[in-house]
Each structure stands twice: as C-alpha cells, then as structure tokens.
Amino acid sequence: MNKLDCKGLTGTVIVPGDPEYEQARQDYNIAIEQYPAIIVYCFDAYDVANAILWSRAQGIELRVRSGGHNYEGYSNGTCKLVIDTSPMNQIRVDVCEETVNVQAGTRLLPLYECLYEYGFAFPGGTCPTVAISGLVLGGGIGLSTRYLGLTADSLLEATLINYEGRQLTVSDDCNAELFWALKGAGGGNFGVVIEYKFKLKKVDKITLIQLRWDDNKAARKQFLQVWQNWLPHLDYRISMFGGITKTGAWVNSFFYGTREEARYLFQPMLDIPGLTIENFQYIPFIKAVKKIGAIYPRQEAFQAAGRFVEEKFSQDELASLVEIVDRAPTDRSSSIRVYSLGGAVRDIAVDETAFASRQSDYIMAIVSSWEESSEEERHRQWVEAGFEYIYSITRGSYINFPYGQTPNYQLAYFGINLRRLQAIKEVVDPYNIFSFPQSIKLPL
C-alpha cells in the first residue's frame with residue numbers, strides 16, 4: 001500500500017517503508033511481531049473520525065491503540081489500520097471540583113506527576129508507560145485499588161467516537177448503558193474513547209512497603225498461605241502486589257497511613273522467616289509511585305495470563321502452585337503473581353459496572369519473560385501448563401491480563417454481564433467495526 005491510498009486520513013500517517021514504521025509497529029511485548037497496513041497517530045477527534053470512516057470505506061479492519069501494552073497485542077494487528085491515540089495526552093485539573101480530564105494517550109507517570117503537584121492521588125496502575133485508556137477500560141488495578149477502588153470506579157465521564165465518526169458524551173446521565181459497559185469491558189469493543197473525566201482524592205504521604213524472601217524456597221508456600229488468610233479482612237488502606245518464583249517470594253505495597261500503623265498491620269507478613277525489608281518508608285506519594293515504576297523494563301518479551309481467585313486454596317493446591325514455579329524455565333523471570341482486590345472494589349455491586357469479578361479476593365497471574373528467542377517456546381509451554389492448572393482452581397479471567405488460550409473467553413472475562421454487554425454492542429456497534437481476536441461478539 002502506498003501513501004496515495006491514504007487520501008482522506010489526517011494526523012500522522014505511517015505505512016510500511018516509512019523510516020518510522022519499524023518503531024511504530026512495535027508494542028511493549030516484543031515477543032509479538034505484527035505488521036499493520038497503516039498506523040494513524042491521531043491528535044484530535046477529527047483525526048480519529050477520519051480514520052474510522054476511511055477504514056470502513058476501504059474495507060480495512062481497524063484496531064485501537066493508546067499505550068501498546070496489551071499482553072496479546074490485540075490493540076495492533078497485521079494488515080490492519082491502527083488508530084493510535086498516543087499523541088492525545090493533555091491533562092486538565094480542576095482543583096475546585098477535585099476532578100481531572102485526561103486524554104486517551106496519556107501515560108501513567110506524567111499523569112501521576114501532574115496530579116501530585118496539586119496534591120492528588122490517582123488509582124492507576126504501576127507500570128509508568130501504560131496509557132490511561134487500556135487501564136481504565138478494563139477496570140484497572142494498582143497499589144491504591146483496595147482504598148480508592150478500580151481506576152474505572154473514579155470515572156465520571158468519557159468522550160467516544162463511534163462507528164459513524166460521531167462524538168458521544170458518555171456518563172451516568174448520557175448514554176448510560178454505554179458508560180456502564182466502558183467501566184470494565186470498553187477496550188476496543190465499542191468505539192474509540194478519546195478523553196476521560198475522573199474524580200480525585202487528596203494525598204500527601206503514604207507508606208511504601210517492599211518485602212523480599214530471596215533464595216528462600218520455604219517462604220513461598222508460607223507467603224501464599226499468609227496472603228490468602230490475611231487479605232479478605234485486611235484494612236482497606238493496604239493494596240499489594242506479590243508473587244513467588246523458583247527461588248523465593250516478594251510483595252510490594254502502598255499503605256495510606258503511617259509507618260507505625262503499617263508495621264502493626266503487616267505483622268503476619270513480617271513474621272515469615274528469612275525476610276529482607278527492602279523498603280518500609282513513609283514518603284511522598286509520587287516518590288512511592290516512581291520507586292515501583294522503576295522496576296519495569298522499557299520493553300520485554302513475555303507471556304502472561306490472569307485469573308480471579310474467590311476462595312481459599314487447600315494445602316495441596318498451594319503445594320501444587322509451588323510445584324509449578326519449581327518447573328519454571330528461569331529462577332526469577334518466571335513467576336506466579338498475586339494482585340489484591342477486595343476493600344473498596346467489593347463495596348460496589350457486581351452489576352453496577354461491567355467489571356464482574358468484584359467479589360474476588362485477588363487476581364492470580366502466571367508470567368514468564370525471556371531475552372533469547374530460542375528460549376521462547378519453553379516459556380510459553382510453561383505458562384500454558386501452569387495456566388491449565390490455575391484455570392481449574394479459579395473463576396473468571398482479567399481482561400487486562402488477556403491470554404489467547406483462555407477457553408470460552410467472553411464468559412471468562414465478563415461472566416454474568418456478558419449478555420448485557422452483547423446487547424449494548426448490538427446498539428453501539430451494529431456492524432462490529434470494533435473487533436479483535438477476543439472482542440465482544442454481536443449476539444446470535
């Protein structure tokens with residue numbers, strides 16, 4: 001396809017052969033190689049609408065990309081038109097209303113930095129280069145989730161460009177059914193969301209906790225046991241991510257309170273033998289965000305899958321999870337990870353948003369990354385085998401940790417909300433313009 005074929009598109013248009021194409025086509029997960037027909041970097045609603053209408057007129061399927069962090073690369077695609085909203089990154093804070101308007105391509109670290117200047121926290125994720133769109137439209141978890149709720153729970157309004165290129169305001173008062181759908185099932189399914197409005201909460205300092213059990217195999221089962229017993233009744237102000245590897249365990253946490261309170265509340269974790277305390281500091285919120293964000297690489301090759309956990313595992317099941325990591329292809333870059341839910345997430349009814357797994361205690365993910373392509377198959381096979389077992393003891397999958405091998409993916413991601421989502425899809429996108437390998441299908 002040459003550039004003459006792109007007449008009618010606006011924004012910055014990249015096609016194969018352009019000097020920028022190789023970089024533009026690559027997402028965060030470098031294990032996924034895709035070759036779009038056209039990439040359109042959109043700067044405003046006009047560019048987005050033109051791209052939608054052009055793709056329909058030319059019969060070229062489209063994908064919607066903001067930060068390019070989809071685990072399976074579903075916001076990209078070979079021979080597709082990619083609508084990339086990353087140039088749309090303006091942030092407007094209303095201090096009096098305690099709200100912020102965020103454009104779709106805004107990355108998390110600049111958003112955190114901007115909001116902290118005004119004294120606000122934000123219930124976003126931990127990877128600094130993730131864009132707001134994919135995060136919020138899948139629900140959105142992070143180290144403030146149990147206190148401030150999912151990212152989607154702070155959403156007040158969205159602006160969406162539909163399949164006809166029309167701009168829609170979406171809120172509880174306008175296009176309410178679509179607004180419901182966007183809060184947990186909106187990524188790439190109903191249109192291109194170009195802006196969000198969120199409510200905010202004031203914050204100054206929090207306690208950052210980073211605990212490690214390095215080269216300590218015995219701590220792994222103990223960690224999982226403490227985690228599942230402790231989490232359901234834990235203080236709302238604590239949110240945690242952690243995990244186990246072939247050699248040990250770890251946990252990272254934000255506590256919206258003082259260091260002294262945190263030490264008391266964290267005693268069950270602190271009692272696990274062989275502990276190394278990497279951080280236990282009462283520091284400015286933004287400093288905590290940056291310390292966690294520094295863990296993430298700029299890009300990586302990986303495979304991952306995430307499931308919701310609603311019940312405590314038996315001792316045999318915990319032992320089986322440890323056995324899975326014992327068979328991992330690497331000591332540290334292959335892991336079973338856990339991400340806390342409950343707290344404020346559970347305070348919202350299951351049917352109040354499209355995020356159906358609000359009664360879950362946490363998310364469990366199996367993740368493996370590699371540096372050499374010759375190692376890829378070993379890692380993928382380990383994830384596939386581990387996922388098969390984890391699937392058998394969990395219920396429902398997290399859409400922001402997608403996995404292509406998930407059986408009956410629509411039901412896995414959306415549960416009891418699936419039929420309602422399909423009915424909304426039929427109204428909002430009747431020709432299924434917005435689709436991808438694990439998108440919401442039109443009802444039969």
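So the values come out like this:
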| quantity | calculated |
| --- | --- |
| Percent of Cα pairs exceeding the 14 Å cut-off, where the set is segment 365-444 | 68 percent |
| C-alpha long axis of helix 376-392 to longest principal axis of the chain, angle in ° | 70 degrees |
| Segment 152-197, dipole about Cα centre (Lys/Arg Cβ +1, Asp/Glu Cβ -1), debye to the nearest 20 | 140 debye |
| Accessible surface of segment 333-417 [probe 1.4 Å, protein heavy atoms]: carbon and sulfur percent | 45 percent |
| Proximal lysines relative to Lys197, as straight alpha-carbon distance under 17 Å, when same-chain residues fewer than 8 apart are discounted | Lys183 |
| 29 Å Cα-Cα reach of Lys221 towards lysines, excluding residues that sit fewer than 8 places from it in its own chain | Lys246, Lys291, Lys312 |
| Within a Gaussian network of the chain (alpha carbon springs, distance under 10 Å), most fluctuating of Ile336, Ile91, Ile83 | Ile91 |
| Assigned charges on the beta-carbon of Lys, Arg, Asp, Glu; the chain dipole about Cα centre (debye) | 380 debye |
| Qualifying aspartates and glutamates (Cα of each under 13 Å from Cα of Lys199; at least 8 residues distant if same chain) | Asp94, Glu97, Glu98, Asp153, Glu157 |
| Structure-based [θ]222 nm, the chain - -39500 (n - 2.57) summed over DSSP H runs of at least 4, per residue, nearest 500 | -8000 deg cm²/dmol |
| Between segment 299-322 and segment 107-170, the Cα center-to-center distance that results, in Å | 26 Å |
| Model label zone, Glu164; criterion: amide N under 18 Å from point 7 Å along Cα-to-beta-carbon; scope segment 405-444 | 424-434 |
| Semi-axis lengths (Å, descending) of the ellipsoid that matches the C-alpha gyration tensor of the chain | 35, 25, 21 |
| Of Pro284, Pro402, Pro123, the one that fluctuates the most in a GNM where the chain has Cα springs shorter than 10 Å | Pro284 |
| Nearest 10 degrees, 0 to 90: helix 418-428 Cα axis against the chain principal axis | 20 degrees |
| Where N is the number of residues in segment 1-151, Cα Rg divided by 2.2 N^0.38 Å | 1.13 |
| Percent of alpha-carbon pairs separated by more than 22 Å within segment 189-329 | 50 percent |
| Over the chain, relative contact order from alpha-carbon pairs under 8 Å, at least 6 apart, % | 16 percent |
| For segment 21-135, accessible area per residue (1.4 Å probe, heavy atoms of protein chains only), Å² | 36 Å² |
| Coil-residue GluC sites (Glu not before Pro) of segment 90-132, DSSP, other Cβ within 10 Å capped at 15 | Glu97, Glu98 |
| Once exposed loop trypsin sites (Lys or Arg not before Pro) are cut out (DSSP; at most 16 other Cβ, 10 Å), longest piece of the chain | 8-165 |
| Over segment 382-422: Kirkwood hydrodynamic radius from C-alpha pairwise inverse distances, Å | 10.9 Å |
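The values are calculated or read from the model by the stated rules, or taken from the named source; none is laboratory data. All values reported here derive from a predicted model rather than from experimental measurement. Ideal geometry is used to build each Cβ from the backbone, glycine not excepted, and the neighbour counts take in all protein chains shown. Side chains included, ligands, DNA and RNA excluded: accessible areas come from the protein's heavy atoms. Shrake-Rupley method; radii C 1.70, N 1.55, O 1.52, S 1.80 Å.
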